[in-house]
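As structure tokens, the structure follows; a few thoughts come after it.
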Amino acid sequence: MHIHRYEKIWLSFGIAMLVVFLVVLGVGAFALGAQTPGDHDHSQHQSRQTVDPETVDQTAPFNDLGLKKIGENEYDAYMLAFAFGYGPDKMEVPQGATVHFHITSKDVVHGFQIPGTNVNMMVVPGEVNHLTYTFTKKGEFLILCNEYCGAAHEMMQAVIIVK
Ligand code: CUA
């Protein structure tokens, strides 16, 4: 019957649109996820690490924050961002040190920027972001939050001293 044929066509069209929509949504979500700042360091780390923000400060490695020496003047820096500060809020490294930052948030989205360098990433609760930087110059480097996170956002900072 003709009416059935048209119904079938219309039904197929509807299903096709639904599939297209879901694919677009899926690809969009994936692409968005793949663009998480700090996620570009695929060579040395897993592309994606998740963590429970509620218990992160009792979960290794974030239960023991700070610098861990992993090589000749090379360090892992495990850090937590929270309203309104960073743990630890002060770190010292020798000149020329390569630091692999691993950071997540205990509460809301924060920023992680070191002015004067190309270090700039978002700190998202539930996700661990990574970024590597080599401190070739001596001095004091401020880590600042560049995502508005509440009343004391402007006060949120930490310092890295390069000697
Ligand atoms: Cu944290 Cu602004």
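Determine which member of the set 68, 106 is within 16 Å of the ligand (Cβ to nearest atom) and among the basic types (Lys, Arg).
Checking each option against the conditions leaves just 106.
With the condition kept exactly as written, say whether any residue in the range 121-144 is touching a residue at least 40 places away in the same chain (Cβ under 8 Å), open to solvent by 20 Å² or more (accessible area, probe 1.4 Å), within 16 Å of the ligand (Cβ to nearest atom) and not in a strand (DSSP E or B).
Yes, the range 121-144 has at least one match.
Under 20 Å from residue 65 (Cα atoms) and open to solvent by less than 10 Å² (accessible area, probe 1.4 Å), is that true of residue 104?
yes
Does residue 85 meet the test of being surrounded by fewer than 16 Cβ atoms within 10 Å (Cβ to Cβ) and either farther than 18 Å from residue 66 by Cα or touching a residue at least 60 places away in the same chain (Cβ under 8 Å) (or both)?
Answer is no for this residue.
Taking the stated definitions as given, is residue 107 part of a strand (DSSP E or B) and of a type in the set (Asp, Glu)?
So residue 107 does not fit the description; no.
Restricting attention to the range 109-120, and to residues there that are open to solvent by 10 Å² or more (accessible area, probe 1.4 Å) and closer than 23 Å to residue 51 by Cβ, which single residue is farthest from the ligand (Cβ to nearest atom)?
Within the range 109-120, the match that is farthest from the ligand (Cβ to nearest atom) is 120.
The values are calculated or read from the model by the stated rules, or taken from the named source; none is laboratory data. Predicted model, so just to flag it, every value in this text is computed and none were measured. We place every Cβ from the backbone using ideal geometry, glycine too, and count neighbours over all the protein chains shown. Side chains are part of the model used for accessible areas, which takes the heavy atoms of the whole protein and leaves out ligands, DNA and RNA. Shrake-Rupley method; radii C 1.70, N 1.55, O 1.52, S 1.80 Å.
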